[in-house]
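Single-structure report; data block below.
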Amino acid sequence: MKQKLVAVMLTLAMTAALAACGSKAEAPAEAPAETEAPAEAEAEAPEAEAPEAEEPAAGGADLASLKFGFVVGSFEHTFYQLIGQGIEEECKAQGLADTQFSVLDASLDPVIATQKVETLTADGCNAIALACNDAAGVKPAIENADKDGVAMFTFDCTSESDAINCFVGTDNYQGGVLGGQELLRLSEEGDTVAIIGYPTASSCLDRENGAVDTVGDQRNLLSGYDYKGDANEAQKIMENILTTNPEVKAVFCVGDPAATGALASIKAAGSDCKIIGFDGNPESKEAILDAENGKYWVSEVSQNPKEIGATIVREMISFMTEGTVTDKQIFIAPYIITAENAAE
Amino acid sequence: MKVKMDKTRVKKLLSENIVVIVLILLCIGFGIASDTFFSVRNVSNILSQMCTNALLASGLTYVIILGGIDISVGSVVAVAGIIASYAGLQFPNMGIPFAIVLLIVCGIAVGLVCGFINGVLIAYFDVIPMICTLSTMTALRGVAYVITGGQPVYGLPTSFAFLGASRIIPTAGMPNGAVPVVVIFTIIVVAFMHILLSQTVFGRHVFAVGSNKNVAHLSGINVRKITFLCHVLSSVMAGLCGVVIASKLQNGQPGSGEGYEMFAIASTVLGGTSLAGGSGSVARAMFGCAVIAVIKTGMDLLQIYSYWQNVVIGCIIILAVVLDMAQKRGRN
């Protein structure tokens, strides 16, 4: 009985709070007042009876009245920490107050990413950018936020949706091509080389495809592994590769956590297999320059995560205040780091 | 004398409803700290975000009252979502009512199969619940990856997303609807689970078995049957949770639900269900789910680093368990 009483009291308290705050919620977020033709928002709503979709505003807004939201893949990865840093630094450089932007963590889970987009929408963000680590998984979240009048952007990896106004990321396929070229450089005809992939992440799949297409039949290529974004998993995969193919000459890892795991296995096995990483995180540069680790981790396809973060901020601001973006898709070119240029 | 009695009653009331008090305090705290926290949209989000955990926790409450555990629910979530997605692909032009029925049937069917396996092994082969569900958790996760080849199942019609992603009852601030359909669905399911546990003979038998198996057996209760049915219920709830997630994402994910069992167990324990068995309530587990959802959303709104969310949730669970133990000691 007492529990029921408490439950009823709680419900009443929540209802009262909702009623009290109703006016706050009903007032739409301070979106740009007079807007021009926005991006298309024609994705069909699952609820047929819903009123006409509210369209994201584009251009004409006062920067001081805007709020921006960002959802990065996972703060457990240095790469996303660097993107986060790039976002924060650029937001401050553009004169945004701390209350005008939020950077949240999706833990590489499309359900959590969806929840973060919903939270940012509720928080009154006018524009949201997210990393679509699972392109199909976050598509409904993007389209729902778009229908709620939020201008949507993506970075690092994108999704196929008309609601996305601009994407900023690395040309992952081209990065994979560079990785493949490094595999060829570090081995000779008839040698065995390997790729440690992460096919459920679309960006990593592009990298693997780029490398596979480049290496082709020129080497005995081992691929089709999934390290699931976990260094420990990559370590086990590398161990298995070395057990079955001890002669493997080089391995291309589609992310730095994979390279870290592979390094541990290669050193433990006493192999002279060379590692090509991908990301360009600080630990990769340190490893390449290190006297011991540099014997194995010799090359890195580097992205520029801070620049990705900064560019998406600039494009979002440009879209909201001037109604334009530089391009629908902006690729920050990857490049190769070796011992010769790692110190730079 | 009377004052002293009242004090004791108040103390008892407070200690028995600690999760409700924690929830109210959290809401007040976040409400003060964030302008957005009590907005209709945010409350709607919190309710929507706690649905998956609520479905899992409502099933787990039965198993935990028995003194058991089911850590396979996260994997059942993945398998159910995938099966529902493959089924959805067979009907590209399906309407919303058909999609809802399809999702529910797939969720229940997968739950029944997985629950049957767990239930038979635990109830009739006396396999320890932790070991049994650890095995099925691993095997079912493998099944999810084998079926899909590690790729999400996508290309589903928009009607498939109605149950998990749509909102109804539009308001001026939320023209696409303020009430998530998934919340209504979850309320119906959880209400059923609560009534089944608290108002039926079956529910009484669950408590009896959880309190003392031997006494329950001597009283004529079929202990094995009750144990079996509780595991089936837990898996069916996980199946429904899986199809809700698949609907929300409009695709089936082999990695879906990983680690969800921990938050569901935490919510159940926070709601006062004793890990030793014999006591608990589905309704109170919902307060546990609400505490976790409020912490996560509130800390996001305050831009508190995600690492801290886990620290805070962990500390609150420890607090709940310590208080639970203290209460039991007090009673003894």
Limited to the range B:127-185, what total is found for residues that are surrounded by 18 or more Cβ atoms within 10 Å (Cβ to Cβ), part of a strand (DSSP E or B) and at pLDDT 90 or above? 2
Test A:Thr260 against the stated conditions and say whether it is β-branched (Val, Ile, Thr), more than 18 Å from the chain's Cα centre (by Cα) and farther than 12 Å from A:Gly179 by Cα. yes
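Okay, residues lined up against (1) under 19 Å from A:Ile337 (Cα atoms); (2) within 14 Å of chain B (Cβ to nearest Cβ); (3) crowded, with 19+ Cβ neighbours inside 10 Å; (4) not hydroxyl-bearing (Ser, Thr, Tyr):
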position: A:Ala250; (1), (2), (3), (4): yes, no, yes, yes
position: A:Thr260; (1), (2), (3), (4): yes, no, yes, no
position: A:Pro282; (1), (2), (3), (4): yes, no, no, yes
position: A:Ile288; (1), (2), (3), (4): yes, no, yes, yes
position: A:Ala291; (1), (2), (3), (4): yes, no, no, yes
position: A:Lys295; (1), (2), (3), (4): yes, no, no, yes
Within the range B:203-224, which residues are surrounded by fewer than 24 Cβ atoms within 10 Å (Cβ to Cβ) and under 20 Å from B:Phe192 (Cβ atoms)? B:Gly203, B:Arg204, B:His205, B:Phe207
If B:Cys230 satisfies every condition in (1) buried (at least 19 other Cβ atoms within 10 Å of the Cβ); (2) at pLDDT below 95; (3) more than 24 Å from B:Ser166 (Cα to Cα) but one, which is the exception? (2)
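Results for (1) in contact with a helix residue (DSSP H, G or I) (Cβ under 6 Å, 6 or more places away or on another chain); (2) crowded, with 24+ Cβ neighbours inside 10 Å; (3) within 12 Å of chain B (Cβ to nearest Cβ), shown as yes or no for each residue.
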| residue | (1), (2), (3) |
| --- | --- |
| A:Lys67 | yes, no, yes |
| A:Val72 | yes, yes, yes |
| A:Gly95 | no, no, no |
| A:Thr99 | no, no, yes |
| A:Ala106 | yes, yes, yes |
| A:Ile128 | yes, yes, no |
| A:Gly137 | yes, yes, yes |
Scanning the range B:1-52 for residues that are assigned to a helix (DSSP H, G or I) and small (Gly, Ala, Ser), the one nearest to B:Ala178 (Cα to Cα) turns out to be B:Ser44
Would you pick out the residues in the range B:33-45 that are crowded, with 21+ Cβ neighbours inside 10 Å and either under 12 Å from B:Met286 (Cα atoms) or more than 7 Å from chain A (Cβ to nearest Cβ) (or both)? B:Phe37, B:Ser44
Given the structure, is A:Gly180 surrounded by 24 or more Cβ atoms within 10 Å (Cβ to Cβ) and more than 10 Å from every other protein chain (Cβ to nearest Cβ)? yes
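Suppose the filter is away from every other protein chain (no Cβ under 14 Å), in a helix (DSSP H, G or I) and in contact with a helix residue (DSSP H, G or I) (Cβ under 7 Å, 6 or more places away or on another chain); does B:Cys289 pass it?
Values: away from every other protein chain (no Cβ under 14 Å): no; in a helix (DSSP H, G or I): yes; in contact with a helix residue (DSSP H, G or I) (Cβ under 7 Å, 6 or more places away or on another chain): yes.
Taking the combined requirement at face value, the residue does not satisfy it.
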Restrict the check to the range A:217-238 and report whether at least one residue is out of contact with any Gly (no Cβ under 6 Å at 6 or more places or on another chain), under 14 Å from A:Lys274 (Cα atoms) and surrounded by 23 or more Cβ atoms within 10 Å (Cβ to Cβ). yes
Under the condition of being at pLDDT 90 or above and more than 8 Å from chain A (Cβ to nearest Cβ), which residue from the range B:16-32 is surrounded by the most Cβ atoms within 10 Å (Cβ to Cβ)? B:Phe30
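I need a count of the residues in the range B:204-239 that are among the small types (Gly, Ala, Ser) and under 18 Å from the mean Cα position of the chain (by Cα). Before the answer, list the steps.
Going through the range B:204-239, the residues among the small types (Gly, Ala, Ser) turn out to be B:208, B:210-211, B:216, B:219-220, B:234-235, B:238-239.
Of the ones still in play, those that are also under 18 Å from the mean Cα position of the chain (by Cα) are B:234-235, B:238-239.
Number of matching residues: 4.
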Cross-chain or 6+ apart pairs with Cβ under 7 Å, the range A:277-290 first and of a type in the set (Ser, Thr, Tyr), then modelled with pLDDT under 90: A:Ser284/A:Asp256
State which residue is surrounded by the most Cβ atoms within 10 Å (Cβ to Cβ) when the search covers only the range B:103-123 and only residues that are more than 16 Å from B:Gly59 (Cβ to Cβ) and out of contact with any helix residue (DSSP H, G or I) (no Cβ under 6 Å at 6 or more places or on another chain). B:Val120
Against the condition in a loop (DSSP other than H, G, I, E, B), of a type outside the set (Asp, Glu) and within 18 Å of A:Ile87 (Cα to Cα), how does A:Thr326 come out, does it pass? yes
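The values are calculated or read from the model by the stated rules, or taken from the named source; none is laboratory data. The model shown is predicted, which means the values in this text are computed figures rather than measured ones. Every residue, glycine among them, receives a Cβ derived from its backbone with ideal geometry; neighbour counts consider all protein chains shown.
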